[in-house]
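The values are calculated or read from the model by the stated rules, or taken from the named source; none is laboratory data. Please read all numbers here as calculations on a predicted model, not as lab measurements. Backbone-built Cβ (ideal geometry, glycine too); neighbour counts: all protein chains shown.
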Amino acid sequence: MIELMILGFLADGPLCGYELRKKMERLQGYARNISDGTIYPACKRMIAAGLVRERIDVGESGRQRRTMILEQAGRERLTEILREARGVDITSPVNWFVVLAFLRHLPDKGERDAVLRRRYDYLAAGRIGFFEQGEHVLTSREIDDPYRRGVMVSAKATRETELAWLRDMLGLED
C-alpha cells in the first residue's frame, strides 16, 4: 500500500517528502503510523527503478527541498497496481480505501469497473463474520455481548451502504 499511496499522490502532482507523508497520514494514518523511515526508503527504491525522479529546489533561505515527480514508468506501475487489485486489496477495508482513493488514475472505465465489481462480489457474497462458535459463524442476533453485537451491526450498515454505492457506480439493479 505504501507504493500505491506514493505513486497515487504523485500522480496528482509533485510533492516534497513532508507533504507526501502528511497526505499518506490523512488517508491511512488512523490505521497505521506513517514514518519518514517508511517513506524515504520506498521513494529511493522508486527513484532507482525510474518510477519517480527527484528535483532539488533551493529556497530563499538556502534550504534545499527535495520534490518528487512521477515519471511515465511510475504512471504505468500505478495503472498496473490498480488494475491488479485483488485479494487483501479488495477484502481489507484499510487497503480498499487506498485503492479507491486512486482508482480514478486507472484510465480505462472497464478496468475500473472490474475492480469495483471484485469488491462488490466480495461484499455481496455475505461471507463477512467476526465471531464463531465451533464452525458456525454467528449472526448479530446470536451474540449476547452488546459490544460484539455493535461490531456486527456497524459492519452490516457499512456493508449495505457500500453495496448500494457500488450498485450505483456499476449500474446494477437492487
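Quick notes on this one:
- Positions within the range 30-79 being of a type in the set (Val, Ile, Thr) and within 14 Å of residue 6 (Cβ to Cβ), in sequence order: 34, 38, 39, 47, 52, 67, 69
- For the range 133-144, a tally of residues being of a type in the set (Asp, Glu) and surrounded by 10 or more Cβ atoms within 10 Å (Cβ to Cβ) returns 1.
- Residues in the range 42-93 that are more than 30 Å from residue 128 (Cα to Cα), of a type in the set (A, V, I, L, M) and surrounded by 11 or more Cβ atoms within 10 Å (Cβ to Cβ): 42, 46, 47, 49, 51, 52, 68, 69, 70, 73.
- Pair list, Cβ under 7 Å, 6 or more apart: the range 120-138 residue more than 18 Å from residue 91 (Cβ to Cβ), other residue loosely packed, with under 14 Cβ neighbours inside 10 Å and among the charged types (D, E, K, R): 138/132
- Matching option when the condition is under 25 Å from residue 26 (Cβ atoms) and out of contact with any Phe, Trp or Tyr (no Cβ under 9 Å at 6 or more places or on another chain), among 161, 139, 91: 161
- Candidates 75, 104, 141, filtered to the one that is part of a helix (DSSP H, G or I) and either touching a helix residue (DSSP H, G or I) at 6+ places or on another chain (Cβ under 6 Å) or not assigned by TED's automatic domain parsing to the domain that holds residue 27 (or both): 141
- Residue match in the range 16-38 (condition: of a type in the set (A, V, I, L, M), part of a strand (DSSP E or B) and either within 30 Å of residue 127 (Cα to Cα) or at pLDDT below 90 (or both)): no
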